[in-house]
Structure formats: structure tokens, C-alpha cells
Amino acid sequence: MRTRAFTLVEMLVVITVLPFAAIAFSGLFATSIRDVPRMTRIVQENTSVLDLVRHIRDDIDAAVGLPDAFGEVRSDDRTLLIALPESVICYRIDEAGVTRTRLDQAEPQTEGVWRFRDAVIAWRRWQQGEEARAVEVRTFLQERIAGKTREKLANSYVHFIGGLANAEVTP
């Protein structure tokens, strides 16, 4: 009775092919190990950006106006003022992120802080005549890979004062 075993040629082929397969798979695993934490950070940062946009949307939906100034604070490309029926909200962009402050109290009260490492937030008020009627919020994440910067998850949102609750329907 003869037992079946591998021949010397079969063993040499396997020994020759295995290192090439290991090299191919090690590159795949190295890419996965590098990309998974980076993508997790991007998703977490985008979630924070979407939370900020939701707060801005909610404030503008309840707004009665978008004033040019309130006290010493002026609305510009780094500062957004939103007049609510009972207060004035100020969103301010700084180096680390965005801060939401209620201004009409004796002492301004910070109500929200969003810190971003790679997110870029920009807003622009849309004017109708002398009065601002809407705000466009543009967001994206900057991703730096091999010395190159790319925009990821770029979005632009337009929020009208009063939202759709005050919209007029024309037939």
C-alpha cells in the first residue's frame, strides 16, 4: 500500500510562491491599518460638523432676523448673528472651531463649542435688499495625504429665516 505525499517539486513551488503572497497581503494589511483610524477620525469630525449645521439650522428656523450688529459684535465672514424672538445668538469661528454664544444676557453665555482639527466652516449671508434673508453654510474636511491636501465630504447648506414654516406657496 502506497501513501500519498507531496513531491519535492510541489514543495519547492509552494516555498517559492508563499513569500510573494505574503508581500502582497502585508501591503494590504498595512494600508488597512493606516486607513481605518484616519477614516474613523474623518467620520467623527464630520459628525461634529453636521451637529453644528443642525444647531445653525434650528436657530435660523426660529429666527426673526439676521442682524448686521448687536452691541459691539458685527456680523462678518467669521461671526454670524441670529436674532431669535427672545435672544440673539452669535456663532464665531476661531482657529480651533466654532463657538455658540447667547449675547443678550448681562454676561454673554457660551452654549456650545465645536472643535475641529481638519474641518473648514464658512458662511455667507444672503441679502434681499438691505436685509439678510438666508445663510449659506459651506463645510468640508481637509485630508492631508503624502503632502497633498484634498477636500472630503464637501457640502453647502442654505437656511432661510423661518425655514419652510414661513414659506409662501405660489401656484
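Quick one: in the range 111-130, which of the residues that are farther than 16 Å from GLY65 by Cβ and assigned to a loop (DSSP other than H, G, I, E, B) is farthest from the chain's Cα centre (by Cα)?
Once the filter is applied, the top-ranked residue is ARG117.
Report yes if THR31 is surrounded by 10 or more Cβ atoms within 10 Å (Cβ to Cβ), free of Cβ contacts under 8 Å to residues at least 40 places away in the same chain, in a helix (DSSP H, G or I) and among the hydroxyl-bearing types (Ser, Thr, Tyr), otherwise no.
yes
Which residue pairs have Cβ atoms closer than 7 Å, lie 6 or more positions apart in sequence or on different chains, and pair a first residue in the range 109-126 that is under 14 Å from VAL137 (Cβ atoms) with a second residue that is part of a strand (DSSP E or B) and among the charged types (D, E, K, R)?
Final answer for the pair search is ALA122/ARG138; TRP123/GLU136; ARG124/GLU136; TRP126/ARG133; TRP126/GLU136.
Search the range 1-13 for residues being outside any loop (DSSP other than H, G, I, E, B) and either surrounded by 10 or more Cβ atoms within 10 Å (Cβ to Cβ) or hydroxyl-bearing (Ser, Thr, Tyr) (or both), and hand back the single one that is nearest to the chain's Cα centre (by Cα).
Among residues in the range 1-13 that are outside any loop (DSSP other than H, G, I, E, B) and either surrounded by 10 or more Cβ atoms within 10 Å (Cβ to Cβ) or hydroxyl-bearing (Ser, Thr, Tyr) (or both), the one nearest to the chain's Cα centre (by Cα) is VAL13.
The rows are residues; the columns are (1) farther than 30 Å from THR149 by Cα; (2) loosely packed, with under 14 Cβ neighbours inside 10 Å; (3) in contact with a Leu (Cβ under 8 Å, 6 or more places away or on another chain); (4) at pLDDT below 90.
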| site | (1), (2), (3), (4) |
| --- | --- |
| ASP51 | no, yes, no, no |
| ARG57 | no, no, no, no |
| LEU84 | yes, no, no, no |
| CYS90 | yes, no, yes, no |
| ILE93 | no, no, no, no |
| GLU107 | yes, yes, no, yes |
| PHE116 | no, no, no, yes |
| ILE121 | no, no, yes, no |
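Being farther than 21 Å from SER48 by Cβ, surrounded by 16 or more Cβ atoms within 10 Å (Cβ to Cβ) and touching a Lys or Arg at 6+ places or on another chain (Cβ under 7 Å) is the filter here; which residues of the range 123-136 pass it?
The answer is ALA132, and nothing else.
The values are calculated or read from the model by the stated rules, or taken from the named source; none is laboratory data. Just so you know, these numbers come straight off a predicted model, no measurement behind them. As a convention, Cβ positions derive from the backbone with ideal geometry for all residues, glycine included, and neighbour counts pool all protein chains shown.
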